[in-house]
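What follows is one structure encoded as structure tokens, with my remarks underneath.
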Amino acid sequence: MARQLTLDLGLPAPTYARRDFMVAPGNREALAWIDRWPDWPAPALALAGPPGCGKTHLAHIWAERSGAVIHNGTSLEGKDIAELSELAAAWPAIVMDDAERAPERGLLHLYNLMRERQGQLLLTSGSPPARWRIALPDLASRLRAAPAVEIAPPDDELLGSIILKQLADRQLHAGAGVVHYLVSHMERSGEAARRLVAALDHRALAERREIDRRLAADVLAELS
């Protein structure tokens, strides 16, 4: 079958607005903690979960509300006390993404500095701090005292909702049963759902095909 030339139309990047966050049983507790801010019992909150579970979206929601800056844990490498103090003084709230990758001493100093200034930290990671291998007792004790919530991978209902929204954002329609078929056979993450719909869009346009179960099976096989 002849393929149609496809163009990159520069579709908008995913938004991280609060209204676009899809609530499900596996993320409801985490969202409640974000909405509870600034009434947190400790200077830090830890959010943990697998890729595509919604940590990044929640971090952006909190950053918007709190005026936080977002840093990766590795950004603390090589920073001395003066640099960390400058960071803590400049921002009343800080998101530390991939916090388990931060150097322990740097994270400990930043925690202490934010506590002194009555600032707050949001730590995101693949697993909760209780499962990190922490060598510094002071850091371990501080993180144990901070609330930690683990986000579950998206369930079928949430994955289906993500796929339907991605299709709608691209003004696409899927045949009956396609979404259920995709959910039953795809990788269990929100990011995988976004990649899948992008691939369906590209292939449907290139091959001038409807998004039906046969196309869904072809794209799933290609992505796997």
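Please treat every number below as a calculation from the coordinates, not as lab data. Not measured: the values here are computed from a predicted model. Glycine gets a Cβ as well: all are built from the backbone with ideal geometry, and neighbour counts include every protein chain shown.
Both radii are taken from the alpha-carbon atoms of the range 57-205; with Rh as the Kirkwood radius, Rg/Rh is 1.11.
Descending by average beta-carbon neighbour count within 10 Å, the peptides 148-154, 173-179, 94-100, 16-22 line up as 94-100, 148-154, 173-179, 16-22, the highest first. Inter-label distance, residue 223 to residue 208: 2.6 nm, where each label sits 7 Å from its Cα along the C-beta direction. Each of 35, 218 has some number of other Cβ atoms within 10 Å of its Cβ, and from fewest to most they run 35, 218. For residue 105 and residue 65, a Förster radius of 30 Å and the Cβ-Cβ distance give a FRET efficiency of 0.50, rounded to the nearest 0.05.
Note on the chain: with charges restricted to the Cβ of Lys and Arg (+1) and Asp and Glu (-1), its dipole about the Cα centre is near 200 debye.
Close amide H partners of residue 123, meaning residues 5 or more places away or on another chain with modelled amide H under 5 Å apart, are 45, 46, 47, 96. With the helix formula -39500 (n - 2.57) applied to DSSP H stretches of n ≥ 4, the chain reaches a computed 222 nm mean residue ellipticity of -14500 deg cm²/dmol.
Taking 16 Å as the cut-off, the amide N atoms of the range 100-131 that come nearer than this to a point 7 Å along the Cα-to-beta-carbon line of residue 138 belong to 103-117. The distance between label points at residue 77 and residue 39 comes to 4.1 nm (points 7 Å beyond Cα on the Cα→Cβ vector).
Taking 0.36 nm per residue of sequence separation and removing the Cα-Cα distance, the residue 28/residue 173 pair yields an extension gain of 49.3 nm.
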